[in-house]
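Only one structure is covered here, and it is reproduced in the block below.
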Amino acid sequence: MAYSLFYIRLFEKVSFDLFYILACLAVLFALFFALGPDIRARLGRKKPSSGTLPLPLLLGILVLVPLVTTMLYLQVGTYGEAEIDDPRVTQLRAQMIEMARDLERNPDQPEQWQRLGLIYKDLRHYGPAEHSLRRALYLRPDSAFLRVELAETIHLRSELPEMPPQARALLEEAIELQPDNLKALWLLGTNDFLTGNYEKALTWWEQMLPHVPEDSSMHRAVENETERARDRIRQQP
C-alpha cells in the first residue's frame, strides 16, 4: 500500500537529511558561543574592539566550518548501523520497495506484510514494523508466530524494561494457540523474572524444557534460568 511505500521513501531520504541538518545546527550553535563576543558586538552595532575578528573572517568561519565538517563526515564518517554504503541495507531497501509496490497492487497478502514487517524490525524501524505486522495478523488472525513478533516489536518500540500489557496479552494468546512456542515462553519467562514474579517465570521456562533438545545450548540456557528463578524463590521471605 501507499502507506508502506511512503515509509520506505521517508526513511531513505529524511533520516539522512535530518541528520546532516542537525549536525550543521550543532556546529553553528557551538560557533555562536565561541564567537559570541564578536557576534554580539556586530549585532549591537558597537564599534569593534581591537580583539574583535574582522567581519569577512567572522562570516567565513560561520559558513566554512559547518560546510567543511559536513564534507569530512561524508568522506570518512559513518551513519550508525544503517550505513549508506552497507550492501545489506541497500539490498533490504530494494526488497522493501518491491514488496511495497506489490502490496499497493494487492494488499491482501499476509506473507508479504509479514516479510515487510520483519525487515523493518531487523532495521530497527519499529513503528512501520508494528504497522506491517498488525496488517499481517489482521489477514491471518490464527498465527501464533505473528503474535510473538508483533509483541516483541511493541516491547522494543516502547523502550521500557517491562513489557507493555498489549505485548504480554499477544504472547499469552500465542501460547494458547501454540503451547510449545519457545520464543513466546522465553519472552514471558524473562519478563516475569525481571519484574520479580519468579514463580511465574519458572513455570514458563519449565514449560519450555520438554520441547528443547537436551544436548542443545538453548536447553542449557533454559536450565540455568530455571535455577536462577528457584534461587530467587528460596531467597524470598
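Key figures
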quantity: Residue in the range 83-93 that is open to solvent by less than 30 Å² (accessible area, probe 1.4 Å) and modelled with pLDDT under 90 present; calculated: yes
quantity: Complete set of residues in the range 109-138 that are open to solvent by less than 50 Å² (accessible area, probe 1.4 Å) and not in a helix (DSSP H, G or I); calculated: Gln109, Leu123, His125
quantity: Qualifying positions in the range 179-193 - surrounded by fewer than 18 Cβ atoms within 10 Å (Cβ to Cβ) and part of a loop (DSSP other than H, G, I, E, B); calculated: Pro179, Asp180
quantity: Test: residue in the range 126-145 that is closer than 30 Å to Glu227 by Cα and at pLDDT 95 or above; calculated: yes
quantity: Selection within the range 217-237 - open to solvent by less than 30 Å² (accessible area, probe 1.4 Å) and touching a residue at least 24 places away in the same chain (Cβ under 8 Å); calculated: Val222, Thr226, Ala229
quantity: Members of the range 194-216 found to be hydroxyl-bearing (Ser, Thr, Tyr) and either open to solvent by 80 Å² or more (accessible area, probe 1.4 Å) or assigned to a loop (DSSP other than H, G, I, E, B) (or both), listed by number; calculated: Thr195, Ser216
quantity: Complete set of residues in the range 139-162 that are among the small types (Gly, Ala, Ser) and surrounded by 23 or more Cβ atoms within 10 Å (Cβ to Cβ); calculated: Ala151
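The values are calculated or read from the model by the stated rules, or taken from the named source; none is laboratory data. Computed from a predicted model, the values in this text were never measured in an experiment. So basically every Cβ, Gly included, is an ideal-geometry build from the backbone, and we count neighbours across all protein chains shown. Note: areas computed on protein heavy atoms with side chains; ligands, DNA, RNA excluded. Shrake-Rupley method; radii C 1.70, N 1.55, O 1.52, S 1.80 Å.
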